[in-house]
Amino acid sequence: MRIYIRTKIFILGFGLTLVLVLLAFMASFFSYKSRVESKYEESVKLSLSLTEDWLSDIRTQESYSTSESRSDVFNYIVNTYNDLVSTDKNYPSETADNETMYNYLKTYYSDLYPNETGAMGMSRTGPLNRAHYSSLKSDMVSAISVADGYMAEIVYYDTENDRYLNICNTLFKFDDPEHLGTKPGSYKQLSDYDHKIIDTITKDGCYREGSTRVYFCDIMNTDKLVARIILYYNTNVTAETIRDFARILAFALLLISALLVISYVFFAHVFIVKNIKKLTATSNKFKDDLLNDRELEVIKTDIKANDEIGILSDSFEMLEKDIIDYIKKIDEETTRRLKMESEIEVAAKIQLGGLPNKNYGDEKVRIFASITQAKEVGGDFYDYFYIDDTHFAVIVADVSGKGVPASLFMMKTKELIKGRLLSKLSLSETLFEVNNEILINNQEGLFVTVFLGVIDLKNYKFRFINAGHEKPFIIHNDKVEKMNTKSNFVVGGIENFKYEEEEITINKDDRLFLYTDGLNEAINQDNEEFGYDRILHVLEETLNKKSNHYVEDINEALKKFVGDNEPFDDVTLLNFRFSKTKTNLEYKKPGFEVIEEVTNIFNTEYGFMDNKKVSEADIIIDELLNNFVSYEKREDLIIKVEFLYKDNSLFMTFMNNGDEFNPLNKEEKYVSDAAVEVGGLGITIIRKLSDEITYERKDGYNILKIIKK
Amino acid sequence: MEINVIHTDDLVIKLKGRLDTNTSGDLDKTLDDDIKENKVILDFEELEYISSSGLRVLLTLKKRLDIDNKSLEIHNINSVIKEVFTVTGFINILNIK
């Protein structure tokens, strides 16, 4: 299953970023909490120091001017304070009670509480009026707003009676007297909480309880009364800030991660995926061109990258070029080879065309030859010709090497030998001169093994030279033998070699079997060689069969032996014998099968005549023998057949020992539209196909003589 | 002798070799079955020669086809066969192409 890079990056990137976000979130939350708090503390301290500055400004004022400055507060505090502590005013002493104190203060706030009357029952106007109080209050408010304080108050601390006389409270609203803040001009008894605050601040400078912070500052101090400004701060706002911060942080991180992922994908696409797609497209197009046999050219990948993908792209383009070059090379090779193969085929045909017929016969000699070429043009040849009326040459040769040079060499050698022999040179002279001649200009160093023989048709002498060639077989006196010849050196080997002739006497019925080493060196699938023993064996079998089909039988045996193997060398066979100009056959109690046997023997021995003549003779044989076998019904029937070939004429004699009967007497019968009978047609045919036909009765035989000219 | 029988619209019989005493029996056997086609064609292109035994088979075949109103044609005879047909008068009774 494919998971694309894009997807992988998306999953990885998103997951990673999410984890990072979570970690960052947690880290920042925990570090920020204290940092926020400490930062807040710092800002509180800062604003406190500002307040301190403000308070110290107040303290250092020496004049009690009424100008609008912080000195107003100071003035007020000081005046009020002084008032309260002057001995003329019945300032509470040890015996003073709350009521008195309260009433006293009321004089100051009488304007602020119009419905309340003074101790004497008179409405009073005190030194403080609404305007004064407002500005006092607003001064206080601005003092603590610097650090987000929520309440400030000015009190006189009655240490003797442990009570705060409230001078100003930023939260108190005159319209809403029941609610927040202590009522200015009143006093309250200090609670335990207040004490706790005082104790803590005295020790640490600040009271901390949860998110509450309390600070105070004493302005004036006597034994009995302390003018004090108390500032209250609530740091609850810190938590909100943190939450806000967290929210913003989370959002920001999410946004960043999204951007990161998009950019990963984008970059992956730009750097990798897009280019890979381009590569794929190029590859497909190239493959397409290749398969559809279009003209190939290097297709540029269109990738301009300076990274690994770029390297891959360059490498790919080089590969395309290599493939194109390679294909071109193969095409050229193939064309060349095909051309060469067809040339070789033509050469082979020409070569074979230059050799004489595979079958030759006349009244003197009979040749059966065959040449089976291996795949390439080879260098085997056979040749035969009359040197003169009584001398007949037979040659079998094998050129070393293959191919066109070998075949040219072969043809040249063949012509040289023939030329010399026809000029009546002896065998050794011939090979001596031919050898020297082909050594000139023989750069390839080709040589040829030759078996050269000349048969004296009158004296039945066989003269020959074996120049490096296979020793022939001879069927002599009804036995198959391998000839034992001298082994001269090859032709085309060394200059001025003297070849030695040999001579034997042969019989009229002998046969010579010449061949090349392609035969004995042929290999079967078990890597066995055909070998001389097998050749001998096949020749013996053929001899026993009396079929005379030596060349055919050897070829058949060879084919069976080799099986599916490719032949690697030419196989040339040449079978020579003196013409059987006379054939005598005798059959006792023959059946119709004699017709086929006689016909086959006739075709083998006399088949060199022209086809028409041979066929006509076949018909004559068929008709006559059919006639003999059909009509001569004797237990001891003997049929004799004789063939004689002389002066280009064929003399056939058919004899049977039946009752005297001349088939020629039988009426010639023709078939016409009316005729139904078929008998006698045979005689009609025989007559027509024979040039001469005679009958005689002699020695108890019916003798029919037929001449074909 | 090789005998090659091809059934098309006509019955085509190709002979290869010789039609003589020994082989005419084979042709006889081939013709044993009923002939369904209306025309029989004997192709002698690869036939070397024919002897009187062969002629016998041809005549029998011709007679048989005549009865059924079917036709017989001989194709591609060589000069030897032509000679035999001529000598025996078969050339006049056979349809030779």
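Numerical summary
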read-out: Enumerated helices (runs of 4 or more DSSP H) restricted to segment B:9-97, each holding at least 3 residues that are away from every other protein chain (no Cβ under 11 Å) and farther than 19 Å from A:LEU689 by Cβ; value: B:24-30, B:52-67
read-out: Condition met for A:VAL594 (in contact with a strand residue (DSSP E or B) (Cβ under 6 Å, 6 or more places away or on another chain), open to solvent by less than 90 Å² (accessible area, probe 1.4 Å) and closer than 30 Å to A:LEU625 by Cβ); value: yes
read-out: Single match in A:GLY310, A:GLY403, A:GLY379 (criterion: on the phi > 0 side of the Ramachandran plot and either open to solvent by less than 20 Å² (accessible area, probe 1.4 Å) or of a type in the set (Phe, Trp, Tyr) (or both)); value: A:GLY403
read-out: Selection within segment A:318-330 - of a type outside the set (A, V, I, L, M) and open to solvent by less than 100 Å² (accessible area, probe 1.4 Å); value: A:GLU320, A:ASP322, A:ASP325
read-out: Residue in segment A:506-555 that is nearest to A:ASN359 (Cα to Cα), counting only those that are in contact with a Phe, Trp or Tyr (Cβ under 6 Å, 6 or more places away or on another chain) and of a type in the set (S, T, N, Q); value: A:THR542
read-out: Close pairs (6 angstrom Cβ cut-off, 6 or more residues apart or separate chains): more than 13 Å from every other protein chain (Cβ to nearest Cβ) in segment A:681-695, small (Gly, Ala, Ser) and open to solvent by 10 Å² or more (accessible area, probe 1.4 Å) anywhere; value: none
read-out: Odd one out for A:VAL551 among (1) surrounded by 18 or more Cβ atoms within 10 Å (Cβ to Cβ); (2) in a loop (DSSP other than H, G, I, E, B); value: (2)
read-out: Search result, residues across segment A:288-300 that are of a type outside the set (A, V, I, L, M, F, W, C) and without any contact (Cβ under 8 Å) to a residue 24 or more places away in the chain; value: A:ASP288, A:ASP289, A:ASN292, A:ASP293, A:ARG294, A:GLU295, A:LYS300
read-out: Count of residues meeting criterion [open to solvent by 40 Å² or more (accessible area, probe 1.4 Å) and of a type in the set (S, T, N, Q)] in segment A:441-485; value: 5
read-out: Pairs, first open to solvent by 10 Å² or more (accessible area, probe 1.4 Å) in segment A:382-398, second basic (Lys, Arg), C-beta under 7 Å, six or more apart; value: A:PHE385/A:LYS418; A:THR390/A:LYS458
read-out: Set A:GLU333, A:GLU363: member being in contact (Cβ under 8 Å) with a residue 24 or more places away in the chain and either assigned to a helix (DSSP H, G or I) or open to solvent by 30 Å² or more (accessible area, probe 1.4 Å) (or both); value: A:GLU363
read-out: Qualifying strands (runs of 3 or more DSSP E) (wholly inside segment A:131-192; at least 2 residues being open to solvent by less than 10 Å² (accessible area, probe 1.4 Å), under 23 Å from A:TYR207 (Cβ atoms) and modelled with pLDDT of 75 or more); value: A:149-158, A:163-169
read-out: Residue match in segment A:662-673 (condition: open to solvent by 10 Å² or more (accessible area, probe 1.4 Å), away from chain B (no Cβ under 14 Å), at pLDDT 80 or above and assigned to a strand (DSSP E or B)); value: no
read-out: Test result for B:ASN78, free of Cβ contacts under 8 Å to residues at least 24 places away in the same chain and at negative phi; value: no
read-out: Selection status of A:LEU408, of a type in the set (A, V, I, L, M) and more than 26 Å from A:VAL551 (Cα to Cα); value: yes
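The values are calculated or read from the model by the stated rules, or taken from the named source; none is laboratory data. Keep in mind that this is a model prediction, so the values were computed, not measured. Neighbour counts run over all protein chains shown; Cβ positions are idealised from the backbone, glycine included. Just the protein is used for accessible areas: all its heavy atoms, side chains included, with ligands, DNA and RNA removed. Shrake-Rupley method; radii C 1.70, N 1.55, O 1.52, S 1.80 Å.
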